[in-house]
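The values are calculated or read from the model by the stated rules, or taken from the named source; none is laboratory data. Treat the numbers as computed from the prediction; the structure is a model and nothing was measured. Cβ placement follows ideal geometry from the backbone for every residue including glycine, while neighbour counts extend to all protein chains displayed. Each accessible area value is taken on the protein alone, full model and side chains, heavy atoms only, with ligands, DNA and RNA left out. Shrake-Rupley method; radii C 1.70, N 1.55, O 1.52, S 1.80 Å.
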Amino acid sequence: MRNNGDWTLQDWMNVHADVLIPHVSPRFFLGRTPDGNICRVASDVPQSITEKLTFLAKDEPVSDAPNGLPVYADVYAEILAEASAVERKWIGPAYYFPRTMFAHSRKVVQITNENISLLQPNHKAWIRDVGRRDPVCVLLNGSEVLSICYSPAMSDLAHEAGVETVSTHRGKGYAVFVVASWASAVREIGIEPLYSTSSDNLASQSIASKLGLVPIGMDFHLT
């Protein structure tokens, strides 16, 4: 693939798909961008179904501003159901981070084995991510953890953001700061940070907007 400074939105969608698909394991994935669409079908889908899906996906219109369901959304589901029932449908936007990162002065630290005690005793569920889903960044108020961002899905080229804010501190914009610091930490190791969410998660889309993230396009996938 070309240097990422030359990537088209379709290139970015391919990178995003390479990160996301092993993590969520959809049977059918359609990524729509203004530069063109991409289609992926799981290897365990029967060949006859795969051929029908890929043939139809080639006819999916390319939109300058893809949003909402694909034109053939219901047909994709009907075709996939010929193999087995569709259990889950997903649609949502994907983004990449601009070259100039969002700057802030909040206290964010990267969690390592040396400071993992910051997650004790109230955030033990996050400890398992340290060393496995690095970088793991937390926003602090003193020694109190307010929000965390880590890499739940990754490839050799990109990491996808996973963010969670402590329930008692939600709605205060803390996720914006911790995601920005996570993205900078990802870039420092020579990897591209990515962000995606669902169409009905307006709070998560607001984070993307505040960070100035660049829309890649829309994911549509069926499981």
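Please go through the range 166-220 and give me each residue that is part of a helix (DSSP H, G or I), touching a strand residue (DSSP E or B) at 6+ places or on another chain (Cβ under 8 Å), open to solvent by 40 Å² or more (accessible area, probe 1.4 Å) and closer than 30 Å to Ala73 by Cβ, ordered by number.
Gln205
Please go through the range 81-105 and give me each residue that is in a loop (DSSP other than H, G, I, E, B) and modelled with pLDDT of 95 or more, ordered by number.
Passing the criteria: Glu82, Ala83, Ser84, Ala85, Val86, Glu87, Arg88, Phe97, Pro98.
Can you tell which of Leu146, Leu157, Leu139 is more than 22 Å from Ile207 (Cβ to Cβ) and in contact with a strand residue (DSSP E or B) (Cβ under 7 Å, 6 or more places away or on another chain)?
After applying the criteria, what remains is Leu157.
Here is a check on your reading of the model: is Leu69 open to solvent by less than 10 Å² (accessible area, probe 1.4 Å), in contact (Cβ under 8 Å) with a residue 24 or more places away in the chain, over 27 Å from Tyr150 (Cβ atoms) and of a type in the set (A, V, I, L, M, F, W, C)?
no
I'd like the full set of residues that are under 24 Å from the mean Cα position of the chain (by Cα), open to solvent by 30 Å² or more (accessible area, probe 1.4 Å) and hydrophobic (A, V, I, L, M, F, W, C), limited to the range 41-56.
Residue satisfying the conditions is Val41 alone.
Evaluate the following for Asn113: is it part of a loop (DSSP other than H, G, I, E, B) and more than 24 Å from the chain's Cα centre (by Cα)? First the steps, then the outcome.
Details: part of a loop (DSSP other than H, G, I, E, B): yes; more than 24 Å from the chain's Cα centre (by Cα): yes.
Here the answer is yes, as Asn113 does meet what is asked.
Quick check on my filter: what residues within the range 56-80 are in a helix (DSSP H, G or I) and within 16 Å of Met13 (Cα to Cα)? Before the answer, list the steps.
Residues of the range 56-80 that are in a helix (DSSP H, G or I), as a first pass: 56-57, 73-80.
Hit for the range 56-80 is Ala57, nothing else.
Go through the range 57-66 and give me each residue that's aliphatic (A, V, I, L, M) and open to solvent by 60 Å² or more (accessible area, probe 1.4 Å).
Val62, Ala65
Could you say whether any residue in the range 121-137 is surrounded by 18 or more Cβ atoms within 10 Å (Cβ to Cβ), of a type in the set (Val, Ile, Thr) and not in a loop (DSSP other than H, G, I, E, B)?
Within the range 121-137, none of the residues are surrounded by 18 or more Cβ atoms within 10 Å (Cβ to Cβ), of a type in the set (Val, Ile, Thr) and not in a loop (DSSP other than H, G, I, E, B).
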